Amino acid sequence: MKVAVIQFPGSNCDRDTLHVLRNVLGLDANLIWHNDFKDTSYDAAILPGGFSFGDHLRAGIIAAHSPATDIIRKMAEDGKPVLGICNGFQILIEAGLIPGALLRNSTLKFVCKWIDLRVESCSTAFSCSFERNSQLRMPIAHNEGRFFADDEALDRLVAEGMVVMTYAHENPTGTSRRIAAISNKDGNVVGMMPHPERASDHILGGTNGLKVFESMLEWARC
Amino acid sequence: MLVGELGTTLTREEMDYARRQLGREPNGLEWAMIDAQWSEHCSYKSSRHILAQLPTSGRRVLVGPGYDSGVIDIGDDYVVAMHIESHNHPSAVDPYGGAATGIGGVVRDILCMGTTPIALLDALKFGEITKSDHSKWIMKNVVRGIADYGNCIGVPTVAGEVEFDDCFERNCLVDVACLGVGRKEELLLAQATHAGDGVYLIGGSTGRDGIHGSTFASRTLRADSDQERSAVQIPDPFTKKLVIETSLEAGRAGILRGCKDLGGGGLATGLSEIADKGGMGIDVYLEEVPVREGDMGPVEVMISESQERMLFVVKKGSEGFLDDIVRRYGVQHARIGEVNATNRIRVLHFREPIANLPTPLLANAPIIHRKAQMPAVRKLEHSPERPSDLRSPLLDLLASPTIASKEWVFRQYDHEVGIRTINKPGEADASVLKLPNGKYAAVKVDGNARFCDLDPYLGASSVLAECCRNIVAVGAEPVAFLDHCQFGDPNDEEIFWAFSKAVEGMADFAKAFPLPCIGGKVSFYNQDEESHKAIKSSPVVTVLGLIEEPDDVMKMGFRDYGQALVIVGRTRPELGGSEYYHTLGRNGNAPPALDFELEVRTDRTVHECIRQGLVSASHDVSKGGLGVALAEMAIAGLKGASVDCTITQEDKMRDDELLFSETNSRFVLTTNKPSEVLEVLSKTNVPADVVGTVEGNSLRLGLNTTNLDFSVDTLRAVYVNSIQGILEPWQK
């Protein structure tokens, strides 16, 4: 499986994500500068965390309108796995590839901490290796991660199994229905605020994040 | 622009010296360049000969003081670079922009060595936030400035310290240290050594922000200083992130001869320093400098301290490669000069020379030998009344902002990016980071203004000793340090005396260790003309340690029930400068004594216990004494303990002295093998005792006349909620 990790100017978790894919999981992964991302032969794509284009205008919105995102859209339509982590989640939302909006945290502050999560749906490309309702620990680190949608839309997301992960206990950002990760209808596109690449080494605090990437492999096999 | 309009900080003697050396009257632009470069901030003219006492060599030292960063050899062809900067004056008038641009500056210092920045630490000192709304405002905005900038550029902020004292009400201190890693063969120095090499300006445009920043930092703050916001630069972390990528890629491509950060003194300082280090001259083409505003004059262009700019000295013939790199990242660049063998800095404006100064003259300000006078002995304070109850004093200490959990601060910092951070903020005495060669770096920043105010020599040596203890407590061997001296106006003879004594104290302890100093910074004039109050002497140090084995990495929380508690060192009645006295509104007479030899021997032996795998958790005893150290271990591990504190006293003493004395050379360890720990310690005659066990969910402390019992939940609530409750009482 060939995985593209897309680098926008201001991405800062790109190398961390590549390290886990390549050196921990042994995948064929490459860093691709956004302007050079023209190749649709990749089997999966990851939009890493950071501050693409300095979060100017609004987090994720400039990257969402870049030519690289057109390729991402094509991959999503073809059913290939696409994961947006943190700022990548913000890009996917701004690109309309997953529903909802991400608002500023209710505390009005950046928050960085390890947090307990619960897996709500195992029928997505980045959660199919988990057991439903299992609890995980991963770090979050963001300023605009408060998922928002109106009640009707939220009911529909829950009913259609598009809520992938929720915060298990504390809700650190005031996000609707404790939502931490969400997918598109087909389950091949997932956006998540927690950082799985930061939860991939015991000495750094845990390895629950590895299964997010392993799910991508399992999804491709099915 | 004339000299008078610039508000020069040059003295009559310095101006005469410049005229004599040059053999003529410098013109306005030349005066401005000399003024910027000879400012205290850039030239260290008052401090250089005092700092010469610090030991700077060691087996691992590759680059010592005098360059943008110090560099340590960590083996396997890898290096660690580190540097510390402060942005005190800017943060006092614009806390958000001042703090943010402080990070920008120190990150550039790491970049210009060809190393990748991997961690930031900050030491912050504010007025009493319990009383002052102004200090609350300063603190909130300084922290937000650090967070917005550091998070965006993708460098984790991993550790720090925050101290609160009235003396910082008008003069907050904002110190930022940065750590970088790189390959030994890719190491760069900030120097121009080859004629014909191009000098490039990379990154942001030059604007009117930060004009006279160094001069502004080289005098005391005035009532109208908040009108001087134009001396504060404007932060742009997004551009900085791209400058980081460009610098690293250019360094790896091997096209750079040298690289220099543009900070204090702007182009005037940057150009003269790289030329002087290489013994060369530079012709500057002023019209090529990209400016933000079209009508900027030559003086403004040469001394502007606009952020996010780097100077690259590009090897002749490699210009095309540079073009490719900057185009990829969309970073502005301009060839603004060329290196030559003349040993002169010549500024040309459309080929017309408008300044022409010998490089050595510009780069080397004449030394000022200032007078030092020991202050009169202060009136002795009597000991306070013996408190009837020790329960509330301990809880008050845990809530005291200097001691209380800094969670409100570090939650706002991304401390995980880079996936290197093993010891997270609040978990241990120092941060521990993974290094690319399979080893681990431990790093901590420490200060103690109250000790240094009572006795600058003892205080400053204790600050360095405490920082080393913190490094040892996480299982590392200290290998190098940075000093950062922050004082009031050096024209005041008593302040200059305190500065000299503080440096002597650090130097003597460093020699006893021995621990090389690989860089530092001096910040004078931390006082304002309204209150006429200088800050307390505030040297801050950063110590770097190395750990070979992952099992040696220690945290401070109690880990397993049933483990024994060992207290290393003896407790003496030493409350001078303590946090306990501070909560009672007192200072005391003298800080705790420091036996250099015992301190170093204790560090070495505790480190040996950790290396032998005998220790499960460790914590040094410092601010707040034994009471606070034990409470912090209980809070971090969410477990209780029963401890007989009386065993550790040298002679029987009052219970408040036993619990809160800040006697040096002490650690608390937990272990499964108490007798083996005691055996290792006794081999080097380090006093130690088994004093209790990790058990239950309350901390029970046995004292001479009473016993105390606190539930860990109570301790935790007081400790964790204090600063949050002061700054944002409306947030849960």
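What follows draws every value from the coordinates through simple rules; no lab data is involved. Here the structure is a predicted model, which means the values were calculated and not measured. Methodologically, a virtual Cβ is constructed for each residue, glycine included, from the backbone with ideal geometry; neighbour enumeration extends over all protein chains shown.
Quick notes
- Projected over all directions and averaged, the alpha-carbon convex hull of region A:2-221 occupies 10.6 nm².
- For chymotrypsin sites (Phe, Trp or Tyr not before Pro), the sites in region B:656-732 that DSSP calls loop and that have at most 16 other Cβ atoms within 10 Å are B:Trp730.
- For B:Lys533, a cut-off of 16 angstrom between C-alpha atoms picks up these lysines, skipping any fewer than 8 places away in its own chain: B:Lys125.
- With a Cα cut-off of under 15 Å and a minimum spacing of 8 residues unless on different chains, the lysine pairs in chain A number 4.
- Region B:360-374-region A:1-78 distance, computed between alpha-carbon centres (Å): 54
- Shielding value for A:106-113 is 6, the average number of Cβ atoms from other chains within 10 Å of each residue's Cβ.
- Placing unit charges on each Cβ (+1 for Lys and Arg, -1 for Asp and Glu) gives region B:556-732 a dipole about its Cα centre, and among B:Gly585, B:Asn685, B:Met633 the Cα reaching farthest toward its positive end belongs to B:Met633.
- Sequence-separation-based contact order of region A:2-221, relative, with Cα cut under 8 Å and 6+ spacing, percent: 20
- Lys, Arg +1 and Asp, Glu -1 on Cβ, resulting dipole of region B:637-732 about Cα centre, debye, nearest 20: 300
- Rounded to 5, percent antiparallel among DSSP beta bridges of the protein assembly as shown: 75
- The charge dipole of chain B, taken about the Cα centre with unit charges on the Cβ atoms of Lys, Arg (+1) and Asp, Glu (-1), comes to about 780 debye, rounded to the nearest 20.
- Partnerless cysteines, meaning none of the other Cys C-beta atoms lie under 4.7 Å away, in chain B: B:Cys42, B:Cys152, B:Cys167, B:Cys172, B:Cys178, B:Cys452, B:Cys467, B:Cys468, B:Cys485, B:Cys517, B:Cys609, B:Cys645
- Neighbouring partner chain Cβ atoms per residue of A:42-51, average, 10 Å criterion: 2
- In a reduced charge model with +1 at each Lys and Arg Cβ and -1 at each Asp and Glu Cβ, the protein assembly as shown shows a dipole moment near 840 debye about its Cα centre.
- Computed helical MRE - 222 nm, chain A, DSSP H runs ≥ 4 contributing -39500 (n - 2.57), nearest 500: -6000 deg cm²/dmol
- Sites matching trypsin sites (Lys or Arg not before Pro) across region B:22-81 that sit in DSSP coil, with at most 15 neighbouring C-beta atoms within 10 Å: B:Arg24, B:Arg59
- Rg in Å to one decimal, and Dmax rounded to a whole Å, for region B:556-732 via C-alpha atoms: 16.3, 55
- All lysines inside 17 Å of B:Lys241 as judged from Cα atoms, apart from same-chain residues fewer than 8 positions distant: B:Lys260
- Equivalent ellipsoid, chain B (semi-axes from 5 times Cα gyration tensor eigenvalues, Å): 46, 27, 22
- Stokes-Einstein D for region B:650-732, Kirkwood Rh over Cα pairs, 10 °C, 1.306 mPa s (µm²/s): 98
- Each other residue within a Cβ distance under 12 Å of B:Arg370 adds +1 if Lys or Arg and -1 if Asp or Glu, for a net charge of -2.
- Förster radius 56 Å - calculated FRET efficiency between B:Arg601 and B:Arg20, Cβ distance, rounded to 0.05: 0.55
- Shown is the FRET efficiency for B:Arg222 and B:Trp137, computed with R0 = 25 Å from the Cβ-Cβ distance and rounded to the nearest 0.05: 0.80.
- Count Lys and Arg as plus one, Asp and Glu as minus one, and take only other residues whose Cβ is under 10 Å from that of B:Val445; the net charge is then -3.
- Mean Cα-pair separation over length for chain B, i.e. relative contact order, pairs under 8 Å, 6 or more apart, %: 15
- Cross-link check: pairs B:Lys439/B:Lys683; B:Lys501/B:Lys521; B:Lys277/B:Lys315 evaluated at a Cα-Cα cut-off of 21 Å; pairs beyond the cut-off: B:Lys439/B:Lys683.
- Long hydrophobic helices in chain B: the complete DSSP H runs spanning 27 Å or more by Cα along their own axis with mean Kyte-Doolittle hydropathy of at least -0.5 are B:133-153, B:493-512.
- If R0 is taken as 45 Å, the Cβ-Cβ distance between A:Leu108 and B:Phe350 corresponds to a FRET efficiency of 0.35.
- Ranked by how many other beta carbons lie within 10 Å on average, peptides A:160-170, B:627-637 from highest: B:627-637, A:160-170
- Between region B:133-212 and region A:132-204, the alpha-carbon centres lie 34 Å apart.
- For A:202-211, mean number of other protein chain Cβ atoms within 10 Å: 2
- Relative to the globular-protein estimate of 2.2 N^0.38 Å, the Cα radius of gyration of the protein assembly as shown stands at 0.94.
- Rounded Å value of the spacing that divides the Cα centres of region B:670-693 and region B:380-408: 29
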